[in-house]
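Take a look at the structure below.
The values are calculated or read from the model by the stated rules, or taken from the named source; none is laboratory data. Treat the numbers as computed from the prediction; the structure is a model and nothing was measured. In this analysis, Cβ positions are derived from the backbone assuming ideal geometry, glycine residues included, and neighbour counts consider all displayed protein chains.
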Amino acid sequence: MNIKGASVLVTGGASGLGAATARRLKEEGAQVVILDLPSSDGEAVAAEMGTTFAPADVTDPDSVNAALDAAEAIAPLRALVHCAGRGGAVRLVDRDGNPGSLEDYEGVVRTNLIGTFNVLRLAAARMAKNEDLDGERGVCVLTASVAAWEGQIGQIPYASAKAGIVGMTLVAARDLASKHIRVTTIAPGLFDTPILARLPEKVRDSLSASVPHPSRLGQAGEYASLAHHIIENQMLNGETIRLDGAIRMAPR
Ligand SMILES: NC(=O)c1ccc[n+]([C@@H]2O[C@H](COP(=O)([O-])OP(=O)(O)OC[C@H]3O[C@@H](n4cnc5c(N)ncnc54)[C@H](O)[C@@H]3O)[C@@H](O)[C@H]2O)c1
């Protein structure tokens with residue numbers, strides 16, 4: 001898909017992997033709309049990049065539809081890169097012997113998994129109405145995590161949600177094939193974004209050392225580069241790609 005002049009929606013675009021992707025796709029000539037929470041830095045980030053900010057919660061159909069309206073007002077929506085997500089620890093049995101919080105579990109699954117389904121379905125419905133461009137109408141890039149396969153202790157809601165995203169990738173690609181829309185997922189390992197930037201230097205060093213090769217944290221630009229490649233490469237469809245320097249996370 002050639003995105004020059006087309007609209008692209010980047011969720012979670014105010015920070016980390018999403019912000020790097022928004023910047024990269026803007027450089028490639030796309031009309032980028034950044035969707036992120038009203039409380040995020042989206043307004044300032046979009047102003048600095050010369051793009052549009054659409055405040056929205058990915059789990060809320062009305063605000064996501066308003067963001068899609070903003071994108072389509074500029075140009076047909078040809079690509080979605082869905083990066084919005086969050087962590088949140090839950091143990092099955094807590095320190096005091098009580099069962100883990102159902103509410104906390106549900107909250108993390110809601111943002112990461114239900115939010116992904118919500119954005120994907122609403123964006124795909126818009127793309128399905130596009131004219132074919134070189135044989136396709138749109139491309140959707142989702143974001144899982146290596147925790148989908150090797151969730152660490154405490155990551156049970158996050159790992160469940162990310163495994164759900166891996167699980168939906170092929171069926172979504174099959175579902176949207178007749179509409180000429182591709183769906184591919186990136187599963188990042190350890191990336192140097194604001195989540196990890198907050199950790200002490202010692203912890204960051206030990207995390208870097210746990211990556212076989214290259215033995216460092218991933219850069220957000222490396223995620224952005226793969227997202228752009230997926231958008232351009234028509235044969236990438238229905239697959240989840242690990243982007244992780246061969247890391248396999250330990251239990252803790
Ligand atoms: N950084 C890593 O090492 C890493 C590893 C594996 C997976 N991931 C995944 O990559 C994605 C991006 O992570 P990041 O490191 O850039 O994180 P980040 O915290 O820098 O950015 C995430 C963005 O999502 C937004 N967001 C959160 N909940 C939202 C909601 N309900 N509606 C709209 N926006 C919402 C936040 O405001 C934030 O701007 C996430 O899905 C994360 O799970 C990151």
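Scanning the stretch 118-162 for residues that are charged (D, E, K, R), in contact with a Lys or Arg (Cβ under 9 Å, 6 or more places away or on another chain) and surrounded by fewer than 22 Cβ atoms within 10 Å (Cβ to Cβ) yields a total of 4. So in the stretch 59-81, with the set limited to residues that are farther than 26 Å from His228 by Cβ and among the charged types (D, E, K, R), which one is surrounded by the most Cβ atoms within 10 Å (Cβ to Cβ)? Among those residues, the one meeting the criterion is Asp60.
Within the stretch 37-48, residues that are closer than 13 Å to Ala22 by Cβ and among the aliphatic types (A, V, I, L, M) reach partners that are more than 12 Å from the ligand (Cβ to nearest atom) and not in a loop (DSSP other than H, G, I, E, B) with beta carbons closer than 7 Å, at six or more positions or on different chains, in the pairs Ala46/Thr52. Looking at this structure, is Val141 under 20 Å from the mean Cα position of the chain (by Cα), closer than 22 Å to Ala67 by Cα and within 12 Å of the ligand (Cβ to nearest atom)? Against the criterion (under 20 Å from the mean Cα position of the chain (by Cα), closer than 22 Å to Ala67 by Cα and within 12 Å of the ligand (Cβ to nearest atom)), Val141 qualifies. Checked against the criterion of being within 16 Å of the ligand (Cβ to nearest atom), at pLDDT below 95 and of a type outside the set (S, T, N, Q), the stretch 181-191 contains not a single residue that satisfies it. Considering Arg110, Arg86, Arg95, Arg91, the condition of being surrounded by fewer than 19 Cβ atoms within 10 Å (Cβ to Cβ), over 30 Å from Ala177 (Cβ atoms) and within 16 Å of the chain's Cα centre (by Cα) is satisfied by Arg86 alone.
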